[in-house]
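So the structure is just underneath, and the comments pick up after that.
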Amino acid sequence: GQQLNQSPQSMFIQEGEDVSMNCTSSSIFNTWLWYKQDPGEGPVLLIALYKAGELTSNGRLTAQFGITRKDSFLNISASIPSDVGIYFCAGRDTSGTYKYIFGTGTRLKVLA
Amino acid sequence: DTAVSQTPKYLVTQMGNDKSIKCEQNLGHDTMYWYKQDSKKFLKIMFSYNNKELIINETVPNRFSPKSPDKAHLNLHINSLELGDSAVYFCASSQMTAGYGYTFGSGTRLTVV
């Protein structure tokens, strides 16, 4: 089945640093989403991407939909302690079921 | 006003018991989902209902049975609970064809002892 691999799996960074993470797939997706999950909560949508090559920002977050439609990346600029959490990418299945496949997650820890 | 609400938040039960988790959404979405998040935090879809009709039924033991009395509610009943069922179960909703992604509930942490 379709799988989304995220890298890195986890990262520790200093407050103020920029962060970059990506998501790759063996299949093509038509929509890419990026979610953040805080401890004890459900994932919350950060950014949605709908076209190959699209670059979208949401505050300090920037995400891009890869040209091949098989990858996406998320950048966080000037990280702050509340950026801690698990970041998930999700790709929309193209088989017509409209379901999203979630990536394996990137665990981010920010050192103050 | 909570958009997607699940109850209970925590559930601890013994092996062999039957339990239910309830989910309600007030977003007017037409599709609801159950996802399972394991100890490694992988999120896997289990079921999806669109306007009360089951449209996604992944490879899940038939001890798990979803029920959608109306498009705002999706419940999950689990029979004969096993240790391996311990996980966090997330309900989510969306407007299916809109492509805007899901809104998730805050999860139900199920622990089977």
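A few remarks follow.
- Distance violations [Cα-Cα > 27 Å] among A:Lys109/B:Lys9; A:Lys99/B:Lys9; A:Lys51/B:Lys71; A:Lys109/B:Lys22: A:Lys51/B:Lys71; A:Lys109/B:Lys22
- Simple spin-label estimate for A:Leu55 and A:Ser20 gives 1.2 nm between the two label positions (7 Å along the Cα-to-Cβ direction from each Cα).
- Proxy reagent accessibility, fewest Cβ within 10 Å first, across B:Lys40, A:Lys99, A:Lys109, B:Lys67: B:Lys40, A:Lys109, B:Lys67, A:Lys99
- In summary, the convex hull built on the alpha carbon positions of chain B has an orientation-averaged projected area of 6.7 nm².
- Summing charges over neighbours of A:Glu41, with a neighbour being any other residue whose Cβ is under 13 Å away from its Cβ, gives +3 when K and R count +1 and D and E count -1.
- Max mean-square fluctuation residue, GNM over chain A, Cα-Cα springs under 10 Å, options A:Thr31, A:Thr62, A:Thr94: A:Thr94
- Efficiency of FRET between A:Ile67 and A:Ala112 - r from beta-carbon atoms, R0 41 angstrom, step 0.05: 0.65
- Inter-label distance for A:Thr94 and A:Asn30, nm, one decimal - labels placed 7 Å from Cα along Cα-to-Cβ: 1.0 nm
- Total formal charge among the other residues, if their Cβ is under 13 angstrom from that of A:Leu4, Lys/Arg +1 and Asp/Glu -1: +3
- Inter-chain neighbour count for B:100-112: the average number of beta-carbon atoms from partner chains within 10 Å of each residue's beta-carbon is 4.
- Highest mean first, the peptides B:19-29, B:54-64, A:77-87 sorted by other C-beta atoms within 10 Å per residue fall in the order B:19-29, A:77-87, B:54-64.
- Look at the alpha carbon pairs under 8 Å that are at least 6 residues apart: their mean separation over the length of chain A gives a relative contact order of 36 percent.
- Exceedance of the 19 Å cut-off in Cα-Cα distance is limited, within the set A:Lys36/B:Lys44; A:Lys36/B:Lys41; A:Lys70/B:Lys40, to A:Lys70/B:Lys40.
- Computed on chain A, the Cα convex hull volume stands at 92 Å³ per residue.
Every number in this text was worked out from the coordinates using simple rules, so none of it is lab data. These figures come from a predicted structure and were not determined experimentally. Cβ sites come from the backbone with ideal geometry, for glycine too, and all protein chains shown count toward neighbours.
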